[in-house]
Amino acid sequence: MRISVVGCGYLGAVHAAAMASIGHDVVGIDVDPEKIARLGRGEPPFHEPGFDALLREQVESGRLRFTTDFAEARAADVHFLAVGTPQARDGRAADVSYVNAAVASLAPVLRPGAVVAGKSTVPVGTAARLAPAVEAAGATLVWNPEFLREGFAVQDTLEPDRLVYGINHAVDGRAPEESPEARILDEVYAPIVGRGTPRIVTDWATAELVKVSANAFLATKISFINAMAEIAEATGADVTTLADAIGMDARIGRRFLNAGVGFGGGCLPKDIRAFGARAEELGLGASVAFLKEIDAINMRRRDRVVDLVLYALGPRRHEGRVTVLGLAFKPDSDDVRDSPALDVAVRLKGLGVHVVATDPEAIENARARHPQLEYVADTQEALAGADVVVLVTEWREFRELDPAATLALASDGASTESDVPRPPVVIDGRNVLDPVAWRAAGWDYRGMGRP
């Protein structure tokens, strides 16, 4: 099929390349000329495992091209909307201006019979509002939400755990699963549907709610265990063992019960805020009022890491050297949007602490947002002379640090005149290090919700 993908960020660029790999003829459209030029050369503008090879292969095949010209989408059978919906600058609601602009730019080139499929995460009711502009061109609007995890985006696009089609129930009184739009999307996703991937055909509103509801639930689960970490810290309990025990209950499960510095990124934080804001617009704010507390718990964990660092440094905080391991909001990504790791580093710097930050992929993105920080690309160099080491993004190379070798690096070049206490302190903001091994090597180990 002939496909256009409007918006070429994490979601759109990966989706475009994945659709081309299935065999479709795909054009990616974005208003950023520099991004389009890089993608057109087969150069990914962001770090995502497996995407560089996929992109290069599909561009070279001729099935995938990129442009800033919406007229290039005129021949497409299906148009995917994959633009961002960031948090509004003046509140908690989602900024849907990019979605509005995408539909306005696409409408003049839509041909009768075409399908516009929204993938962006939007407030419920957005599809109903946008549909008239699409239908005026003789096209049809469906909502086909994405469920990508950064670091697994290629896999999640080509091997999703479910497909959701949101289709207007009111069209000719037909059932959504019997509509031609559903059949068209089945053709787009033919290899995926053919493998027996669960497929849910529903209405617009339900499809819009699926993604934000899933993110709200995951955020709730993460903040729940972090709330238990607060109780554990006050009582001497071990939140990791607690999570293991309750996670054995099949009704609860162990996934997303890892206490730590909390969640971040371009989805969970802004989505739960936008969900709450939309509920309030509908007069149903009380239904999801708990999301404000979920957000508050999440932000408190960042405060806790900062407090642990300041406590470790003592009254002479300006004399200590703190190494922050991680800047991206999660491993296998260079995304620093709402990153707990970057936030911790910036807060410490603002309090007068000497901070050295490192990350395998996210340094340049972090530097663009916060040039005041000291960045070091080499992990060993960043660790040299450290009085406090803070692990806040659980990259594999950080998880697998040898505690004895790391102690030798931290001791090398450390000031003998500093009043910062020895042994050096390691603060495990993700609870991924072995406390026994690090303490045996001579570290003062401190975890999140652990004795």
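Tabulated results
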read-out: Candidates 205, 214, 219, filtered to the one that is under 27 Å from the mean Cα position of the chain (by Cα) and buried (at least 18 other Cβ atoms within 10 Å of the Cβ); value: 219
read-out: Sole exception among (1) touching a Leu at 6+ places or on another chain (Cβ under 9 Å); (2) in contact (Cβ under 8 Å) with a residue 60 or more places away in the chain; (3) on the phi > 0 side of the Ramachandran plot; (4) not charged (D, E, K, R) for residue 81, by number; value: (3)
read-out: All positions within segment 428-451 that are among the aromatic types (Phe, Trp, Tyr) and touching a Lys or Arg at 6+ places or on another chain (Cβ under 6 Å); value: 445
read-out: Count of residues meeting criterion [of a type in the set (Ser, Thr, Tyr) and without any contact (Cβ under 8 Å) to a residue 40 or more places away in the chain] in segment 220-242; value: 2
read-out: Answer from 327, 282 - the residue that is modelled with pLDDT of 95 or more and either farther than 17 Å from residue 430 by Cβ or assigned by TED's automatic domain parsing to the domain that holds residue 95 (or both); value: 282
read-out: Neighbours by Cβ (under 6 Å, 6+ apart or cross-chain): first from segment 437-451, in contact (Cβ under 8 Å) with a residue 60 or more places away in the chain; second in a strand (DSSP E or B) and surrounded by 20 or more Cβ atoms within 10 Å (Cβ to Cβ); value: 444/425; 446/427; 447/428
read-out: Condition check for residue 225: modelled with pLDDT of 95 or more, assigned by TED's automatic domain parsing to the domain that holds residue 298, surrounded by fewer than 19 Cβ atoms within 10 Å (Cβ to Cβ) and of a type in the set (Val, Ile, Thr); value: no
read-out: Residues of segment 330-361 satisfying the condition of being out of contact with any Gly (no Cβ under 8 Å at 6 or more places or on another chain), more than 18 Å from residue 406 (Cβ to Cβ) and either surrounded by 18 or more Cβ atoms within 10 Å (Cβ to Cβ) or outside the structural domain of residue 408 (by TED's automatic domain parsing) (or both); value: 334, 336, 342, 345, 346, 348, 349, 361
read-out: Residue within segment 202-219 that is touching a residue at least 12 places away in the same chain (Cβ under 8 Å) and of a type in the set (Phe, Trp, Tyr) present; value: yes
read-out: Filter pass, residue 56 being in contact with a Pro (Cβ under 8 Å, 6 or more places away or on another chain), part of a helix (DSSP H, G or I) and basic (Lys, Arg); value: no
read-out: Answer from 34, 48 - the residue that is more than 22 Å from residue 192 (Cβ to Cβ) and out of contact with any strand residue (DSSP E or B) (no Cβ under 8 Å at 6 or more places or on another chain); value: 34
read-out: Boolean, residue 332 is of a type outside the set (Ser, Thr, Tyr) and farther than 17 Å from residue 427 by Cβ; value: yes
read-out: Segment 287-323, residues that are of a type in the set (Gly, Ala, Ser) and without any contact (Cβ under 8 Å) to a residue 40 or more places away in the chain; value: 287, 289, 296
read-out: Output for segment 146-160, where each listed residue is closer than 18 Å to residue 5 by Cβ and not in a loop (DSSP other than H, G, I, E, B); value: 153, 154, 156, 157, 158
read-out: Residue that is farthest from residue 306 (Cα to Cα), among those in segment 243-275 that are touching a residue at least 60 places away in the same chain (Cβ under 8 Å) and in contact with a Phe, Trp or Tyr (Cβ under 9 Å, 6 or more places away or on another chain); value: 266
read-out: Some residue of segment 70-83 being within 22 Å of the chain's Cα centre (by Cα), in the same structural domain as residue 110 (by TED's automatic domain parsing) and not in a loop (DSSP other than H, G, I, E, B); value: yes
read-out: Qualifying residues in segment 119-139 (those that are touching a residue at least 24 places away in the same chain (Cβ under 8 Å) and part of a helix (DSSP H, G or I)) - the one farthest from residue 157 (Cα to Cα); value: 133
read-out: Residue match in segment 140-149 (condition: touching a Leu at 6+ places or on another chain (Cβ under 9 Å), aliphatic (A, V, I, L, M), more than 30 Å from residue 339 (Cβ to Cβ) and buried (at least 20 other Cβ atoms within 10 Å of the Cβ)); value: yes
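The values are calculated or read from the model by the stated rules, or taken from the named source; none is laboratory data. All values derive from a computational prediction rather than experimental measurement. With ideal geometry, Cβ positions are generated from the backbone for all residues, glycine too; neighbour counts draw on all protein chains shown.
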